[in-house]
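A short worksheet on the structure shown next.
The values are calculated or read from the model by the stated rules, or taken from the named source; none is laboratory data. What you see is a predicted model; the values in this text were computed from it and never measured. Every residue, glycine as well, gets a Cβ built from its backbone with ideal geometry; the counts of neighbours run over all protein chains shown.
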Amino acid sequence: MSDETHICNKQVQNDANSCTSSQKQAHIPHTNFLAMIASQIFVVILIAGASALPIASAKITLVVCALILLTFLTFWPLHGNVIDRAIALFSCVASAWCATLALKGWLPQSVIIDNETVSMSKFIAAIKPYERWAVSFALILVAATFITFLRQMLRENRTNLVRNLSHTLTASIACAALPGWMFLPSIIRFMPSLRNTDGGILVAALCVLMVILLSGLSYLWVRNNCKNYYENNVTRDVAISLLPIMFSGMLIYIAGLGMLVVA
């Protein structure tokens, strides 16, 4: 019995070492890598360009966010079925609806009066949409977590429970964060009124840097996927590359708050 146990343990260890070795040697095909980079650059330029238009509004940005969501749900790179996609879709729709209500009408282009004094009434009007969406975002995450956990508990075969939970929650959080990009048009219109120009540039630079660093994580996510990476599915890798862009909606939201602070 001890010999059989020793052989079994040795085989398991060899399998684990093989998997780890495969992960270390894994590399993304050039076609997939270029497709991921091209997708991220195209999406960021598209949503930033739409937000910078003279007629830009939250609704225009919402259309671009809807296209990103549709692409992600169609190519769905994570484990799960239609129910998991529906949970992610619900998270995005609820978040977008709350953001649309919060951003109803234009935010103040400036919170400064007489070129010196901060108008508290304008400051409160500018920060209220951020407060409303933050509360809504937190409630959406709580609801998505509860629904995801309940969905897993109702499964007859609860194999890979932690993996399925994490994948569905990752998609739900990313989809809920995506509408954060809807704040970008108002942020762009607000920037010229900043008294502290250096502070505004610093906030914008940090936001861009974080978006770039976050986008680079998608490369690591694909490279470190030991089991499914070797499928060499370009559309799946492109969908994974969209995840950091979707998460970056929270960075845009934080940048908007930063602009108000340095105003």
The lone condition Arg195 fails out of (1) farther than 22 Å from Leu46 by Cα; (2) assigned to a helix (DSSP H, G or I) is (2)
Subset of segment 51-67 [assigned to a helix (DSSP H, G or I), in contact (Cβ under 8 Å) with a residue 60 or more places away in the chain and surrounded by fewer than 21 Cβ atoms within 10 Å (Cβ to Cβ)]
Ala52, Ile60, Leu62, Val64
Within segment 203-221, residues being in contact (Cβ under 8 Å) with a residue 60 or more places away in the chain and aliphatic (A, V, I, L, M) number 1
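So that you can scan it fast, the table gives a plain yes or no per residue for (1) part of a loop (DSSP other than H, G, I, E, B); (2) at pLDDT below 65; (3) surrounded by 14 or more Cβ atoms within 10 Å (Cβ to Cβ); (4) out of contact with any strand residue (DSSP E or B) (no Cβ under 8 Å at 6 or more places or on another chain):
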position	(1), (2), (3), (4)
Ile87	no, no, yes, yes
Ser91	no, no, yes, yes
Ala94	no, no, yes, yes
Leu101	no, no, no, yes
Lys104	yes, no, no, yes
Asn115	yes, yes, no, yes
Ser121	no, no, no, yes
Ile124	no, no, no, yes
Ile127	no, no, yes, yes
Take segment 149-192 and flag every residue that is assigned to a helix (DSSP H, G or I), over 24 Å from the mean Cα position of the chain (by Cα) and modelled with pLDDT under 85.
Pro192
How many of the residues in segment 68-80 are surrounded by 12 or more Cβ atoms within 10 Å (Cβ to Cβ) and polar (S, T, N, Q)?
1
